[in-house]
Ligand SMILES: NC(=O)c1ccc[n+]([C@@H]2O[C@H](COP(=O)([O-])OP(=O)(O)OC[C@H]3O[C@@H](n4cnc5c(N)ncnc54)[C@H](O)[C@@H]3O)[C@@H](O)[C@H]2O)c1
């Protein structure tokens, strides 16, 4: 079989760069399309350094229909992994149009171009933020959707668009139907074990782990723990954290599934990618202190509106249908984050 070619949108970003490493190491050809709005080309230089292999890179916005059409004509990929998107919940509340335009319209352009090029295999970066209120803290794919901010709604809208595309192909019994995996990530953290690539947030990090790491290295002075009066064992919020390398391996498993019997007649299926267990904020802080020997300066602050007490994945569907399970543990996530942070205290600059 000839080498499969994967076009990776957003491939210079945090998760995308880790996906490029795993794809190249597994023997795929890789084409990255990224406008570098939230990343640096250095990440791709490092991907090539880690793997000793080359990839093609186009600095292009996925909303540029003509440019994307040319890239598809030139590269003829077999599959697309679609990471390109804006991801900051707070910013999405301040600039909703930016989020809908970039994420929803960007995906519309992408799938139009894919349709025209007859490339109909897609792995999409969705998010646990698509889920609505639930009586159980452990979320399964069939739970009701009900995102509560523009970022989450942009992901939910994209999921709807992709489900509709697949349903239309099914109804029209088309020859080459859409095969789509919607991967709902929980909380990706950690970095490649080389320490060469990792999360390089612009400004103040939005997520807990990079925040803790920047406090540990002295870039930030104090961590705020929002709420210690939740109905959890230590009172702080519980989330499902997943090592970014485990997460991207789920994408390779999804490509295998799209090529297999399960998707033979076309389908659009959602899968949770999470560890299936949660850790509290204070457990994360203490794990960081234990693994790195650093003391984390933190203070307890009031709860934030909209935060849940506890949220973690039921990953059984991904175990069964993608043959995927997390392999790394909390200490790996912390040690790899710290390795990346200490080797690159200022990120990629
Ligand atoms: N990191 C998380 O916690 C998390 C959780 C759930 C889902 N996701 C989703 O996973 C995907 C990747 O996240 P990440 O953490 O790697 O983010 P990231 O910001 O590091 O990577 C996204 C990449 O997409 C690029 N991009 C954005 N808009 C683009 C456009 N219009 N055209 C071309 N390139 C564009 C950015 O420059 C960046 O390199 C995103 O879609 C995000 O919503 C992330």
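Bear in mind that the values in this text are calculations on the coordinates, not laboratory data. None of these values were measured; they are calculated from a predicted model. As a convention, Cβ positions derive from the backbone with ideal geometry for all residues, glycine included, and neighbour counts pool all protein chains shown.
Compute the acute angle (0 to 90°) between the alpha-carbon long axis of helix 106-117 and the principal axis of greatest extent of the alpha-carbon atoms of the chain; round to the nearest 10°.
So the inclination is approximately 30 degrees.
Which of 161, 212, 255 ends up with the largest GNM mean-square fluctuation for the chain, with Cα atoms connected below 10 Å?
161
If R₀ is 25 angstrom, what is the calculated FRET efficiency for the pair residue 145 and residue 97, using the beta carbon separation as r and rounding to 0.05?
With a Förster radius of 25 Å, E is 0.70.
For region 196-349, give me the percentage of DSSP beta bridges that are antiparallel, rounded to the nearest 5 percent.
Given both bridge residues lie in region 196-349, the antiparallel proportion sits at roughly 25 percent.
Report the label-to-label distance for residue 304 and residue 167 in nanometres (one decimal), using points 7 Å from each Cα along the Cα→Cβ vector.
About 3.4 nm separates the two model spin labels.
Using only Cα atoms, figure out Rg for region 68-175 and give it as a multiple of 2.2 N^0.38 Å.
1.18
Shape call for region 291-349 from the C-alpha gyration tensor, a ≥ b ≥ c root eigenvalues: rounded (a/c under 1.5), prolate (a/b greater than b/c) or oblate?
oblate
Equivalent-ellipsoid semi-axes (√(5λ), Cα gyration tensor) for region 183-305, whole Å, largest first?
Numbers: eigenvalues 210, 67, 29 Å².
Each semi-axis is √(5λ); the values are 32, 18, 12 Å.
Calculate how steeply helix 65-75 sits against the longest principal axis of the alpha-carbon atoms of the chain, using the helix alpha-carbon long axis, and give the answer as 0 to 90 degrees to the nearest 10.
Tilt relative to the chain: about 70 degrees.
Highest GNM mean-square fluctuation, the chain, Cα pairs closer than 10 Å: which of 303, 153, 63?
Checking each option, the largest mean-square fluctuation is seen for 303.
Among 21-31, 333-343, what's the highest-first ranking by average C-beta atoms within 10 angstrom per residue?
Peptide ranking by packing, descending: 333-343, 21-31.
Provide, for q = 0.11, 0.12, 0.14 Å⁻¹, the log10 of I(q)/I(0) from a solvent-free Debye sum over equal Cα point scatterers in region 1-132.
Computed log10 I(q)/I(0) values: -0.38, -0.45, -0.61.
Rounding to the nearest 10 and keeping the result within 0 to 90°, find how far the Cα-based axis of helix 330-343 lies from the longest principal axis of the chain.
90
When DSSP assigns beta bridges and you keep just the ones with both residues in region 5-343, what percent turn out antiparallel, to the nearest 5?
Numbers: 3 of 44 bridges.
Approximately 5 percent, going by the DSSP bridge assignments.
Evaluate region 235-290: find the radius of gyration of its Cα atoms, find its Kirkwood radius, and give the ratio Rg to Rh. Don't skip to the answer; put the middle values down first.
Details: Rg = 16.2 Å, Rh = 13.7 Å.
Radius of gyration over Kirkwood radius for region 235-290 works out to 1.18.
Can you bin every Cα-Cα distance in the chain into 20 Å intervals starting at zero and give me the percent of pairs per bin, rounded to whole numbers?
Going from the shortest bin to the longest, the percentages are 31, 60, 9, 0.
In angstroms, what radius of gyration and Dmax does region 265-306 have, counting Cα atoms only?
17.5, 54
Per the Kirkwood definition applied to all pairs of different Cα atoms, how many angstroms is the hydrodynamic radius of region 1-59?
11.0 Å is the Kirkwood radius here.
Which one of 180, 148, 15 has the biggest mean-square fluctuation once the chain is modelled by GNM with Cα springs under 10 Å?
148
At a Förster distance of 25 Å, what's the computed FRET efficiency of residue 221 paired with residue 327, Cβ-Cβ distance as r, to 0.05?
Working: r = 35 Å, r/R0 = 1.40.
For residue 221 and residue 327, the calculated efficiency is 0.10.
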